[in-house]
Amino acid sequence: MEPYPITFAVDYPDRALNRLSTFFRLFAAIPIWVILALLGNALTALWLPTMLMILFRKKYPRWWFDFGLEMRRFQNRVFAYLLLMDDRYPSTDEHQSVRLDYVYPDAERDLNRFLPLIKWLLILPHAIVLLVLYIGVWIAAIIAWFAILFTGRYPRGIFDYVEGTLRWSNRVQGYAFGLVTDRYPPFSFD
């Protein structure tokens, strides 16, 4: 089977993490969180025009696709930082340890023009599962916070769980809101 057109991974920090920056992470993240919040509306504003372009013109302008992908990459770097997966401050332009890629769709050939109207409804089962998984992510992040403070390391099992949940979430977002594929996202961490 062909690989899913949305891929996500975070490099495991196989090194001692900065305990001081881990301790103050929520405070240190405030400036980048404000920037993300201000730019986050751009992703919301991009969804409707993209849907209308696919619906009425059967087009997905490359620059819209690139902008949406870069915004989601930035968003994921911030989340990886907040979830303690990397102790380097999130860059606004460098990819760092977070990799998110979408395959650019040929709207004429790869995308159904009417499916964007109901994709938000089709992801409801994913949304329910992801809600439960994200509760686990926040608990895992708290456990990882203590582990990093005491050992300087992010426990590998917890890291894999958080990364898998983010991967799942990115596939659902790319399908329903990025509108980059019509292949239904798998119910999977892999």
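Things to note:
- Of the residues making up segment 8-25, those that are over 19 Å from the mean Cα position of the chain (by Cα) and either in a loop (DSSP other than H, G, I, E, B) or of a type in the set (A, V, I, L, M, F, W, C) (or both) number 8.
- Matching residues in segment 170-186 - criterion: being in contact (Cβ under 8 Å) with a residue 60 or more places away in the chain and part of a helix (DSSP H, G or I): ASN170, ARG171, GLN173, GLY174, TYR175
- Within segment 101-116, restricting attention to residues that are outside any loop (DSSP other than H, G, I, E, B) and in contact with a helix residue (DSSP H, G or I) (Cβ under 7 Å, 6 or more places away or on another chain), the residue that is modelled with the highest pLDDT is TYR102.
- Test: residue in segment 93-100 that is modelled with pLDDT of 95 or more, outside any helix (DSSP H, G or I), out of contact with any Asp or Glu (no Cβ under 9 Å at 6 or more places or on another chain) and buried (at least 17 other Cβ atoms within 10 Å of the Cβ): yes
- Exclusive hit being touching a helix residue (DSSP H, G or I) at 6+ places or on another chain (Cβ under 7 Å) and surrounded by fewer than 20 Cβ atoms within 10 Å (Cβ to Cβ), set TRP145, TRP138, TRP168: TRP145
- ALA80 vs. criteria surrounded by 12 or more Cβ atoms within 10 Å (Cβ to Cβ), at pLDDT 90 or above and over 15 Å from the mean Cα position of the chain (by Cα): no
- Filtered residue count, segment 79-92, keeping only those that are under 17 Å from ALA144 (Cα atoms) and in contact (Cβ under 8 Å) with a residue 12 or more places away in the chain: 9
- Answer residue from segment 124-156, given it is among the hydroxyl-bearing types (Ser, Thr, Tyr) and farther than 24 Å from PRO185 by Cβ and is nearest to the chain's Cα centre (by Cα) among those: TYR154
- Candidates are the residues of segment 26-75 that are among the hydroxyl-bearing types (Ser, Thr, Tyr) and in a helix (DSSP H, G or I); the one that is surrounded by the most Cβ atoms within 10 Å (Cβ to Cβ) is THR50.
The values are calculated or read from the model by the stated rules, or taken from the named source; none is laboratory data. Since we're looking at a predicted model, the values are computed, not measured. A quick note on method: Cβ atoms are made from the backbone with ideal geometry, for glycine too, and the neighbour counts reach across all protein chains shown.
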